[in-house]
1. Spin-label point model (7 Å from Cα, Cβ direction): what's the LYS794 to ALA624 distance in nm?
2. Report Rg/Rh for the range 602-711, rounded to two decimals, where Rg is the Cα radius of gyration and Rh the Kirkwood radius.
3. Could you pull out every one of the aspartates and glutamates with an alpha carbon less than 20 Å from that of LYS598, ignoring same-chain neighbours closer than 8 positions?
4. Which of the pairs LYS751/LYS775; LYS408/LYS512; LYS690/LYS764; LYS156/LYS609; LYS77/LYS434; LYS28/LYS141 have their Cα atoms more than 28 Å apart in this structure?
5. Given R₀ = 51 Å, FRET efficiency for HIS551-SER12 by Cβ-Cβ distance, to 0.05?
6. Among ILE244, ILE9, SER504, which residue has its Cα positioned farthest towards the positive end of the charge dipole of the chain, with +1 placed on the Cβ of Lys and Arg, -1 on the Cβ of Asp and Glu, and the dipole taken about the Cα centre?
7. Which listed residue (ALA433, ASN420, ALA370) has the Cα farthest towards the positive end of the charge dipole for the range 360-492, taking +1 on Lys and Arg C-beta and -1 on Asp and Glu C-beta about the Cα centre?
8. Could you give P(r) for the range 478-578, binned at 5 Å from zero, as whole percent values over all Cα-Cα pairs?
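The numbers here are math on the coordinates, done by the rules we state, and not lab data. No experiment lies behind these values; they were computed from the predicted model shown. Quick reminder, even Gly has a Cβ in these numbers, built from the backbone with ideal geometry, and neighbours come from all protein chains shown.
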Amino acid sequence: MKKERFLDILKSRVLIMDGATGTQLQKKKYLDDVIIPEELNIKFPERISEIYSSYIEAGSDIILANTFGANPIRLQKHNLLYKADDIIREGISLIRKAAGSKEIIAAGDISPLGEYMSPLGQYSFDEVYNAFSYQASLLKKHGADIIVIETMTEIKELKAAILAARDNFDGAIIAQMTFEKDGSTVTGTDLQSFAAMAENLGADAIGLNCSIGSNDLFLLAKTLIKNTSLPVSFKPNAGVPALINRETFFPESKEEFIESSLKAYSYGVNMLGGCCGTNPEFIKTLSGQLKNKAPQKRDKVNKFFLSSRTKAIDINELKKPALIGERINPTNRKKFQEELLNGSFSSVKEEARLQEKGGAVLLDVNMGVAGADETALLSEAVIRIQEIVCAPLCIDSSNPKALEEAVKNCAGRPVINSVNAEEAKLVSIMPLAKRYGTALIALTTNDKGLPSTCKERLDIAETIISYADKCGFERKNLIFDYLVLSASSSPEQAGETLKAIRKSKELWPQCKTVLGISNISFGLPSRQTINSTFLKMAVEAGLDFAIANPHENWTINDPYAKNLLENKDKGAINYMKAFASYKKPEPLNAQELLPPEKRLYFAVLNGDKDAVAPLMKSIVCASANPFQTVSDNVLEALNIVGEKFSSKEFFLPQIIMSAQAAQEAFAIVKTTLKKSAAQTAGKVIMATVKGDMHDIGKNIVCAVLESYGFDVIDMGVNVESHAVIEKAKQEKPVAIGLSALMTTTMPEMEKSVKLKNDSRLNVKIMIGGAAVTGKYAKEIGADHYSPDAMGTAKYLRQLIKNEK
């Protein structure tokens, strides 16, 4: 099916999607005798055909193929990669056979890889992109009509999936994420950040599926619809699953599901179906209510989002100017350059944190260091920065290769800084901005050099706009920089720049404007007086963004400076008389005055692993009991991290960064001191139970416990209960931690508890996972349940304390 036909159908009528596949297979015990559900396509195709047919008979227009986990990374883990072509071919073919003469849209299904990307996990962006490309190309080969990317929780993984689908598939792409009730994913992405990135990357529709019940998902859908112009899909669970009498139970009734679905339709959702716990009866009733209905009319959305992993900013609604912090730039900063050449990003992260705290809305990132690999530095800086701040990024380079690597690794929608009207730059950089859905700063210069008049600046802007139109880059994503020259050497140029901003707003109102403010004051005394006064004049002219230092005073509006900038008679002379004796005070770095142990505390709190080693050197030399000093400060920092995580101020990336910094501190102190002087908080065995291949949550708990000084023995995934207990007999840990994502594997936890009790082992059993609850822990006799890694660490620390 051609993309245009699918989109035309979407405009004309509501499409009914299918319901759950996985939970239906589990309920019918159809997963027996296969390693993963996708293997059913080639081993027991009649089982999948039955599920497909039941939803087609119920009225589904769209059937998702059983290709959810048919990517090479997952298939390789189960030694099924050689069967990938067969699995995907049959996944699509079985839909066609089940449909018969009915017009059914066969959707290729792409899901998360089950592993986080770097720095949270082991896979690079390119590896993830290649995995999804392989899957998407096979879906195209075997005739999928559309691709549905679903159940995504990590925005960078979604970026890789959308790009891979777009590059290897001709049909429409629907991108769906799964959110918690509060509207954030486990890694902190909000609905607006999702909409901003997916829409600008070229998804044809976006939506929500899984995780929560229909009414909670409807409330999120209302927000999503207000923030996107794309069609929206809606596939809720039948409530949050629970294990009752050892059976998986979804608490939501068909009537509740239909009520929420009808509300979602009334707000403009035009693709509706179900996820976990729903069945053909749910879809039959939904189809009876909505099939072939005309979509509801929606208001036009006028948003200009820039985003990070955890925050989206609508520039259209923001008070002008939006400040772009300029301090992450090593130019003329020797210490900064030396750090980068030595592989340290401490100053980068500290500048990012302080600028955001100081009011920067975006952060400009420039890694131009002579003799360094700019591509590697810029990409790494982007990765490090976005894990500790929420501000979107402005990626600053003229090197196309460096820009592409950095943008790929950016978890959100950034700005590229910059392109100009030179043909070589336009040809190499503007297509990059289009491909990755970024905004783009365009400098009004060309191969003839800097323009001197308003007209010359606008002529160059027109050249850039013509090229943008030609290559399909939307004008609304252009941010023109009409260039600021020093008022000391070219006092008339300030007026020309301001005239160009005003005229630009008249000619191309959809384009935005930016200036690097500090250039105006070069060579003059009391530079901030000039900078602040000029910024006020520029905002009055229509300036949208200002690249500047957020730590400076931007409230100054000086008449002497204004006369100089307006090039009035004796303006420069009068300004020099007024400020000739001005001396700028030296900046004070309060944190550098702190003792090393307190700076270690802040390094762990802010996830600054690079700062740990030099601080540890000072602590080991100066402290009578370095292990205790480190332990006190690191654990205090981790406790605050835990509190911030609980209050949703921090998310998973911050937890991991702080845990890694803490691990670095403990590793150094343990190797520096004699073995007898170093201590361990105790041994803990961690395992994902038999039948469950999910290890992301378990790995996070392991990292956090190690950061608290525990000796963690990680037994991996799909671990037999008796193997866990035998290991406990050998290692004598203080606790065993068991993880399960699926309700169908949770009974393995009860087996472990029973085996422990039969063996009379003196060890605590902790359990956790997406479907696990405190109530279930009590039912099976487990000693503790925790919903997250920080809660597990808190329990174990209290356990150790009570035993002393």
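1. Label at LYS794, label at ALA624, 3.4 nm between them.
2. Details: Rg = 14.7 Å, Rh = 14.6 Å.
Value, to two decimals: 1.01.
3. GLU350, GLU351, ASP608, ASP610, ASP632, GLU636, GLU643, GLU664
4. Values: LYS751/LYS775 17 Å; LYS408/LYS512 24 Å; LYS690/LYS764 19 Å; LYS156/LYS609 22 Å; LYS77/LYS434 35 Å; LYS28/LYS141 31 Å.
Exceeds cut-off: LYS77/LYS434; LYS28/LYS141.
5. That pair, HIS551 with SER12, gives E of 0.40.
6. Projecting each Cα onto the dipole axis, the largest value belongs to SER504.
7. Of the candidates, ALA433 comes out farthest on the positive side.
8. That works out to 2, 14, 27, 25, 17, 10, 4, 1, 0, in percent per bin.
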